[in-house]
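Inspection log for the structure reproduced underneath, given as structure tokens.
All of the numbers you see were taken from the coordinates with simple rules; none came from a lab. If you're wondering where the values come from, they're calculated on a predicted model, not measured in any experiment. Cβ placement follows ideal geometry from the backbone for every residue including glycine, while neighbour counts extend to all protein chains displayed.
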Amino acid sequence: MTASLHQLALAEPFRIAHGVSSARTVLRVEQEGCVAEAPFVPYYGENPEATLARLQSSASPADLPRTARLALNLLDHEIAARAAGRPLAAWAEERLGLPPGPPPPGCRSLGIPDDLAPFAEKVASLARQFRVLKLKLGSGDLGLDLAIVSVARRAAPETELILDVNGGWDPTEAPLMIWKLMDYRPALVEQPIHHRHGLEAWRDLRAELPAGAPPIYADESAQTVEDVPRLAAVVEGVNVKLLKCGSFDGAVAMVAAAREHGLGVLLGCMVESSLGTTAAAHLAPWADWIDLDGHFHLADDDYAGIEYAGDGSLVMPDRPGIGAVPR
Ligand SMILES: [Mg+2]
């Protein structure tokens, strides 16, 4: 097995409540002609060079940072699935014991804008293809957050809007913000409060939400399968990402737990190449929403995998394993 780091430049800086990025690093591992990828995100504070060194020091996989664990796990799946001539989704179906549903419509995410006029144009343009758009909020300016949603709703009257706050609202502000944003008919609100506040703050938020409030999904508060049962009473759904779980197996387990507890599933990704987003997309048939557009943020995506049709629907590659190939 060989491992290497790849620097992926972003097409334009991407701003969310956690900060601004202009490039991301991914770890790629390769064996027997199979390649798998896992991204580093600034949020987890894992050092790429140190992670690569740990990986090459033949430490036990369980002791490795999550980016390395995910890359190795995906490589194992890729090798096994390619040998069996079947897609990664076939393994997920067996493990879940649930028939695949139609994949949810594709979604594109918009970072926090500096200027609302070009933002409105971008929303209108994306809405011509995609039925779902995700708006990043938590700018630190509640007036700007409200303006972002108001402008987007005007630019895309029929589009489903997912509002992702990335924990950017204070628990005292969050209920009022959700109340105010109900006018714009959001499909759901993701991680309105910071994960450091814990379950008590989620309970308080739930108690203060009006009837008819949009579904609330946890993202940063829902890292792995263990978080699902305790969140089940306070949210309507969870955001499942391969990196959070540190493995494809862990993400499948999280989807299973969400289903068992009656929670919705938003399948997400990080900023990563199509090799990464295509691996995650194999879970789309068991998700209610997908947010698999991390590769669109890259200036130069060096893999080809999932695509979106003219009507925004997800198109999986017709190849075994992950199914992504170098461009
Ligand atoms: Mg999120």
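What to note about this one:
- Likely footprinting exposure, PHE296, PHE119, fewest C-beta neighbours within 10 Å first: PHE296, PHE119
- Shape of the range 80-206, Cα gyration tensor, a/c cut at 1.5: oblate
- Full extension of the segment from THR2 to LEU146, taken as 0.36 nm per residue of separation minus the current Cα-Cα distance, would add 47.1 nm.
- Within a Gaussian network of the chain (alpha carbon springs, distance under 10 Å), most fluctuating of TYR303, TYR44, TYR217: TYR44
- Mean-position separation - Cα centroids, the range 17-76 and the range 282-325, in angstrom: 20 Å
- Gain in span if fully extended, ARG230 to PHE296, counting 0.36 nm per residue against the direct Cα distance: 20.4 nm
- Per residue convex hull volume, Cα atoms of the range 94-326, in Å³: 123 Å³
- Taking every DSSP helix (H) stretch of at least 4 residues in the chain, weighting each as -39,500 (n - 2.57) and dividing the sum by the residue count yields a mean residue ellipticity at 222 nm of -10000 deg cm²/dmol.
- Environment charge of ARG15, counting only residues whose C-beta is closer than 15 Å and scoring Lys/Arg +1, Asp/Glu -1: -2
- Where labels lie 7 Å past Cα in the beta-carbon direction, separation of ALA124 and GLU32 in nm: 5.3 nm
- FRET efficiency, ALA211 to ALA50 (Cβ-Cβ, R0 41 Å, nearest 0.05): 0.25
- Number of Lys-Lys pairs in the chain with C-alpha atoms under 21 Å apart and a separation of 8 or more places or on different chains: 8.
- Over the C-alpha atoms of the range 21-123, the Rg to Rh ratio, Rh being the Kirkwood estimate, stands at 1.08.
- Derived scalar couplings between HN and Hα for the range 129-144 equal 9, 9, 7, 10, 10, 10, 9, 7, 10, x, 6, x, 10, 4, x, 5 Hz in order, rounded to whole Hz, by the Karplus curve 6.51 cos²θ - 1.76 cosθ + 1.60 (θ = phi - 60°), x for Gly and Pro.
- For peptides 23-29, 33-39, sequence by mean Cβ density within 10 Å, most packed first: 33-39, 23-29
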